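Rule-based calculations on the coordinates, nothing more; no lab input. This is a predicted model, so every value here is computed, not measured. In this analysis, Cβ positions are derived from the backbone assuming ideal geometry, glycine residues included, and neighbour counts consider all displayed protein chains.
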Amino acid sequence: MGALINPSILSADFANLERDLGRIAHADFAHVDVMDNHFVPNLTLGLPVVQRLAEVSPVPLDVHLMIDDADRWAPQYAEAGAASVTFHAEAAQAPVRLARELRGAGVRVGVALRPASPVEPFLDLLDEIDMVLVMTVEPGFGGQSFIEGMLPKIRRTRAAIDEAGLDTWVQVDGGVARDTIARVARAGANVFVAGSAVYGADDVAAEIDELRRRADAAHTVQA
């Protein structure tokens, strides 16, 4: 599978979200960060906005929940029209039960890990989820610098997936740009969240193409 580029609308113009979704029409997903000002120190948008975005978006929504009580709220984002729902391992009381409930609702399931959270406790659960999101910045704000020390975690995650013979995706979120995406791809990621790198570009469509090209080239070299 080729690299997937999921621009984060956290870097879009919140007064013109429908317009800015249109600008990423040939991306693979639109990454939607939901923050509650409890799990992370920032507040973005919630269910009514996600539901409306799903109605107008030209690409599927990849919803990343940075919220408390994921067990309660995550299924409602599936009902709101998300194609993929990612909850934080640190915010779920029963992650397997939640993952099964989300899959039962017909959406892809992701589990996200803060930089300080180890992936090892979740490696035995890989067949219950569709994606592991390795945060390469502290969750909560866009525009942060990439944490180089997350590359070994990405490698360990990819190695465990390959060993198990699974098709689980590895997503990275945080500091993904032209100068970092190849290293992340070589480490084993195949889904890339880029916010300011995309929306800060003069030509958004061309930037998506360039990020995808660099990731695919890195995968080819690795193979």
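Points worth noting:
- Ordering 115-123, 24-32 by mean Cβ neighbour count within 10 Å, with the highest value first, yields 24-32, 115-123.
- Amide H contacts of Ile67: His88, each under 5 Å away and 5 or more positions distant or on a separate chain (H built 1.01 Å from N in the peptide plane; Pro and chain starts excluded).
- Of Tyr199, Ala92, Ala3, farthest towards positive along the dipole that unit charges on Lys, Arg, Asp, Glu beta carbons give the chain: Ala3
- Under the Karplus curve 6.51 cos²θ - 1.76 cosθ + 1.60, θ = phi - 60°, whole-Hz ³J(HN,Hα) for the range 146-158, x wherever Gly or Pro sits: 4, 8, 4, x, 7, 4, x, 5, 4, 4, 5, 5, 4
- Evaluating kT/(6 pi eta Rh) at 37 °C and 0.692 mPa s, with the Kirkwood radius of the range 114-187 over Cα pairs in the Stokes-Einstein relation, gives 259 µm² s⁻¹.
- Length-normalised contact order for the chain - Cα pairs under 8 Å, 6+ apart - percent: 20
- With a Förster radius of 35 Å applied to the beta-carbon distance between Ala217 and Glu163, the computed FRET efficiency rounds to 0.85.
- DSSP-assigned coil residues among trypsin sites (Lys or Arg not before Pro) in the range 132-213, each with at most 14 further Cβ atoms within 10 Å: Arg178
- Phi-derived couplings, Karplus 6.51 cos²θ - 1.76 cosθ + 1.60 at θ = phi - 60°, listed residue by residue for the range 201-207: 7, 5, 10, 4, 4, 5, 5 Hz, with x used for Gly and Pro.
- The mean sequence separation of alpha-carbon pairs under 8 Å and at least six residues apart, normalised by the residue count of the range 1-54, gives a relative contact order of 32 percent.
- Rg ratio (alpha-carbon, reference 2.2 N^0.38 Å) - the chain: 0.93
- Computed from the C-beta positions of Ala25 and Ala105, the FRET efficiency with R₀ = 25 Å rounds to 0.45.
- Across Val49, Val176, Val34, mean-square fluctuation computed from a Gaussian network of the chain (C-alpha pairs under 10 Å connected) peaks at Val49.
- Put a plus charge on the Cβ of each Lys and Arg, a minus charge on the Cβ of each Asp and Glu, and nothing anywhere else: the dipole of the chain about its Cα centre is then about 340 debye.
- Working from label points 7 Å from Cα in the Cα-to-Cβ sense, the Val96 to Arg72 distance is 2.5 nm.
- When the Cα positions of Pro121, Ala30, Gly149 are compared along the charge dipole of the range 4-222, Gly149 comes out farthest toward the positive end, with charges on each C-beta of Lys, Arg, Asp and Glu.
- For the range 121-134, 3J(HN,Hα) computed residue by residue from phi via the Karplus equation (6.51, -1.76, 1.60; θ = phi - 60°) reads x, 10, 5, 6, 9, 4, 6, 8, 10, 9, 7, 10, 9, 9 Hz, glycine and proline entered as x.
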